[in-house]
Structures are given as structure tokens and as C-alpha cells.
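Asker: Got a structure for you, written out below as C-alpha cells; questions coming shortly.
The values are calculated or read from the model by the stated rules, or taken from the named source; none is laboratory data. Computed from a predicted structure; not experimentally measured. Virtual Cβ from ideal backbone geometry, glycine too; neighbours counted across all protein chains shown.
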Amino acid sequence: MEFVVSSRVPFLYLLFIFLHVSSAVDANISIIVPKGRSLPLFNGSLIEEHKKQIQSSSVELVVPLICLFSFTAGLPTNSFALWVLLFRTKKLPSTILLINLTICDIMLLLVLPFRIVYHFVGNNWTFGEPFCRVVVGFFYGNMYGSVVCLALIALDRYIALVHPFGAKVLRSKKNSVYMSVLVWIVVLAAAVPLLASKQTHEINNLSITTCHDALPVEEQENYFLPYFTTLFSLCFLLPLLVVLFCYSAVLRTLMAEGQRFAHAVRVTVLMLIVFVVFLLPSNILMLWHYSKSSSVNNLYMPYLIALSLSTFNSCIDPFIFYYVSKDFRKRSWEALRCLKSDLESSSDSRTKVTLLSKISKTERPLNGESTHL
């Protein structure tokens, strides 16, 4: 039942998007398509160069489509993964970390529909200042929380395979709870500065209200640059180094002992895809964008696209679960087989009912004809 309910969530969100966009169009909202992140704002207005960038049509559909793909692909798979982890698998220390990672991914994915609406109607935020803070805070908080969680999962695998004798002590449920608390401390630490600062600003010369897309110059240089630099260092660069160290040590250990290491290779490749392909570009562009020299560069659209692509990591994470946890692999296949058999039995029952109804319809005229004779 839980899986059936969760599979309907994307439909309800897409219905909400359609209704909200329809109401925005009916209200004659100017459909300008600004694309950028935190453009420098001067006295409530943008300079002409930045107006052209924020009104560019080159990414008119790219960003919403990327977010829409992440949402429609990521939410069902993560919901299924969470259902399997909560109700079908043993609550091992590694499982607890996987549950926390799944929750981070789902919370990030749930705010994407509001970003889709926002970009689709021309970067005009209509949900109010408080909810803009919530969406921005949830987005960055859960994104970096999931990164830290991936690093802790790599550390857990490192302890289990490289130091098996110490694993009995270090890989306890108590320590996994401590690591889970650390993940949510990171989520809160990343979200609170965004929740505490003003995120929406009316652009006088464009007649729109942006959400984190245009901020005063002083805030960008004095507030957000140190904030995002800290996030990059502690919540991306450090986890990346941990992942590289842990999985290289795991691969060396498995190869030295002559054990099969195909799963470890796949996990390593998936981790590198998440960090290098999806997360690294947005983090590099973010630092460059918020630096003082970035105002002369056209980084807004590339950063926005890279930031949207970073949501793909939520689609990759369930596959990491598959290779990290043997129990998750087993229970997932069992759940899918049960679901398939339920669908087949339901289809067979509908077929039988249809055949019986056809037989009854064909028998009625014959009975009537014999009575007439």
C-alpha cells in the first residue's frame, strides 16, 4: 500500500504545477525568462547587461526540464528505496545511513516543483518570501546533507572491508545514529543562513519578484561568498577526499586478497559520477560566481544549468544503495517480483471476468431462442 501511494505523488505535484502555471498565465503575469543565480542588484534594479542575461531565452525550457526529469525519475525510485529500507531490510548500521540519505534526496526532490513553476513563469516568485526561504534552504541543505551522507557511507564501507576486526566496535548502531545526527546538523547548518536572510527581491525594471536570483551586491560579497565557500570546503571538498581515500583503499584491499571487487568498482564509479560530473561543476561555478571578479563574467546561466544538473545525484543514489547493500539488492528484487506477480494476478482476474461476461452475453440469445421454439 505504501508503494502505491508514493507512486502517485509525482502526478499530484505535476497537477499542482499545471494549475499554478494556469493561474499565473490567467493573471497576465509577464512571461519573461530570466536565467541566473543571484545577479547583483543595485537599488532594486539590474544593469542592462544583467537584464539581457536574466531575460535570455537560451535556457527557457532547459532548467525546468532538467528539474522535471530529476523529480519524475528520482521521487519514485527514492520512495521505493525508502519503502524497502524501512519495511523490508534489516536495520543494520549501513541501512540507517542509507535511510538518512534517501530522506535527504526526497526532501530535495519535493521542492523542485516550486522551482519548476518559478522558472517556467519567468523567474517570478508568487509563493511569498517565507516559502522562498524554505525552498532555497531545503535545496542547499539537503543537497550538502546527502553529500556528507555519501562520504559517511564510504567510510562505513572502508571500516567494514579494510578493518574488519575493528568493524564490530566501530560499525555499531550507536555510532550510525551519531553519524545520522551529524548529517542533519549539516542540513540545518547549511539551511539556517538561507532561512534567516531575505531571498526575494522585486526587480523594478522587469516587474518580477525573484527568489535567490538577484541579491544586493553587499550581501553577495560579505555574506554569501563566505557562506558558500565554507559549504564548498566542508560539505563538498572534504567529503570528496574521504570518498576517494575510502574506495581506493577498499579496491586495493579486495585486489590484494584476490576477492571479487566488481561491486566495489561500480560503487566507486557511481560515486565519482555523482561528485565529479553532477556536483563539481555547480560548486566550482558557485565559488567563481560569488567572487568579486565574477561580475564581469557570464556565469549566471552556466551556474543555473549546473545547479539543476546537480539534482541528478538524487537519481543515482538508489543505484548506489543497490551495490552497497546486499540485503537491499535481495529485498528490492523480492519486492519487484511480488509487485509483478500482483499485477499479473490482477490482470488474469480481469481477463477471467471479461471472458465470463462475454460467455454470458453469448448464452442469453441461445436461451431465448430455445424458449421461443
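Asker: Take A306 and decide whether it is modelled with pLDDT of 85 or more, surrounded by 12 or more Cβ atoms within 10 Å (Cβ to Cβ), aliphatic (A, V, I, L, M) and within 27 Å of L68 (Cα to Cα).
Answerer: Judged against the criteria, A306 is a match.
Asker: Now for a separate question. Filter the stretch 72-130 down to residues that are of a type in the set (S, T, N, Q) and over 30 Å from K173 (Cα atoms) and give me whichever is surrounded by the fewest Cβ atoms within 10 Å (Cβ to Cβ).
Answerer: T72
Asker: Given the criteria buried (at least 21 other Cβ atoms within 10 Å of the Cβ) and either without any contact (Cβ under 8 Å) to a residue 60 or more places away in the chain or in contact with an Asp or Glu (Cβ under 6 Å, 6 or more places away or on another chain) (or both), does A190 qualify?
Answerer: Considered against the rule, which asks whether it is buried (at least 21 other Cβ atoms within 10 Å of the Cβ) and either without any contact (Cβ under 8 Å) to a residue 60 or more places away in the chain or in contact with an Asp or Glu (Cβ under 6 Å, 6 or more places away or on another chain) (or both), A190 comes out as yes.
Asker: Please work out if P239 is over 30 Å from R115 (Cβ atoms) and not aromatic (F, W, Y).
Answerer: When the stated conditions are applied, P239 does not pass them.
Asker: Against the definition (small (G, A, S), under 26 Å from F120 (Cβ atoms) and either part of a helix (DSSP H, G or I) or at pLDDT below 85 (or both)), how does S282 come out, yes or no? Before you say what the answer is, go through the steps one by one.
Answerer: On the way: small (G, A, S): yes; under 26 Å from F120 (Cβ atoms): yes; either part of a helix (DSSP H, G or I) or at pLDDT below 85 (or both): yes.
Here the answer is yes, as S282 does meet what is asked.
Asker: Which of (1) within 21 Å of T230 (Cα to Cα); (2) touching a strand residue (DSSP E or B) at 6+ places or on another chain (Cβ under 9 Å) does C132 not meet, given it meets every other one?
Answerer: (1)
Asker: Residue pairs, Cβ under 9 Å, 6 or more apart or interchain, first in the stretch 160-178 and under 11 Å from S94 (Cβ atoms), second of a type outside the set (K, R) and not in a helix (DSSP H, G or I). List them.
Answerer: R171/L92; K173/L92; S176/L92
Asker: Looking at (1) over 21 Å from I320 (Cα atoms); (2) surrounded by 20 or more Cβ atoms within 10 Å (Cβ to Cβ); (3) not acidic (D, E), which one does V148 not meet, given that it meets all the others?
Answerer: (1) is the only condition that V148 fails.
Asker: Can you spot a residue in the stretch 102-117 that is of a type in the set (D, E, K, R) and over 19 Å from A191 (Cα atoms)?
Answerer: So far as the stretch 102-117 goes, no, none of its residues is of a type in the set (D, E, K, R) and over 19 Å from A191 (Cα atoms).
Asker: Would you point out which residue out of V192, V186, V162, V177 is within 30 Å of A256 (Cβ to Cβ) and among the β-branched types (V, I, T)?
Answerer: Checking each option against the conditions leaves just V162.
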